[in-house]
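Accompanying notes for the structure given below.
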Amino acid sequence: METETTKTTPATIALEFVTACSRDGWRIEARDGVVTIYKAFAPGDRESYVACDMTAYGLLSMCPLKCGSVWGTDGGSIGGMAGLNGGYYKLNKSGNGGKRFIAEVNKLIGR
């Protein structure tokens, strides 16, 4: 019995990423090896902040960027306090090897 394998393309990965972000109300920016997701909520709303903190890393894990880093207003830094007090959550992922993915994301979000 032969099993058919399908190759995952940057366009497919980008569509899945943009769809997941849009479904959860995240805004996306993608440029020069960096993908950023952003979500606003009422300043000081801890429940909304925690919900963002619980989902953001999962969303960015969908991005095929290698050898970079993740940073922003997550709960592991002072940036988290700034985001909570300011009413926003912003997380960035940088890395190599994602040029076609970033181009596809920008097509999908109209940039």
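Any read-out appearing in this document is the output of simple, stated calculations on the displayed coordinates, not a laboratory observation. None of these values were measured; they are calculated from a predicted model. Methodologically, a virtual Cβ is constructed for each residue, glycine included, from the backbone with ideal geometry; neighbour enumeration extends over all protein chains shown.
Considering only the stretch 1-74, give the strands (runs of 3 or more DSSP E) lying wholly within it that have at least 1 residues that are exposed (fewer than 13 other Cβ atoms within 10 Å of the Cβ) and in contact (Cβ under 8 Å) with a residue 40 or more places away in the chain. Outline the logic, then answer.
Details: elements: 27-31, 34-40, 70-72.
Here the list reads 27-31.
Name, by its number, the condition in (1) over 18 Å from ALA30 (Cβ atoms); (2) surrounded by 12 or more Cβ atoms within 10 Å (Cβ to Cβ) that does not hold for ILE78.
Status for ILE78: all satisfied but (2).
Condition first: within 22 Å of ARG23 (Cβ to Cβ) and among the basic types (Lys, Arg). Now tell me which residues in the stretch 59-111 satisfy that.
Selection gives LYS90, LYS93, LYS107, ARG111.
Go through the residues of the stretch 94-109 one by one and say whether even a single one is in a helix (DSSP H, G or I), surrounded by fewer than 17 Cβ atoms within 10 Å (Cβ to Cβ) and among the aromatic types (Phe, Trp, Tyr).
So far as the stretch 94-109 goes, no, none of its residues is in a helix (DSSP H, G or I), surrounded by fewer than 17 Cβ atoms within 10 Å (Cβ to Cβ) and among the aromatic types (Phe, Trp, Tyr).
Restricting attention to the stretch 75-95, and to residues there that are touching a residue at least 12 places away in the same chain (Cβ under 8 Å) and among the small types (Gly, Ala, Ser), which single residue is farthest from SER61 (Cα to Cα)?
Taking the stretch 75-95 and keeping what is touching a residue at least 12 places away in the same chain (Cβ under 8 Å), we get 75, 80, 83-95.
Next, from what is left, pick out any that are among the small types (Gly, Ala, Ser): 75, 80, 83, 86-87, 94-95.
Working: GLY75: 17, GLY80: 19, GLY83: 21, GLY86: 25, GLY87: 23, SER94: 11, GLY95: 12 Å.
Per the criteria, the residue is GLY86.
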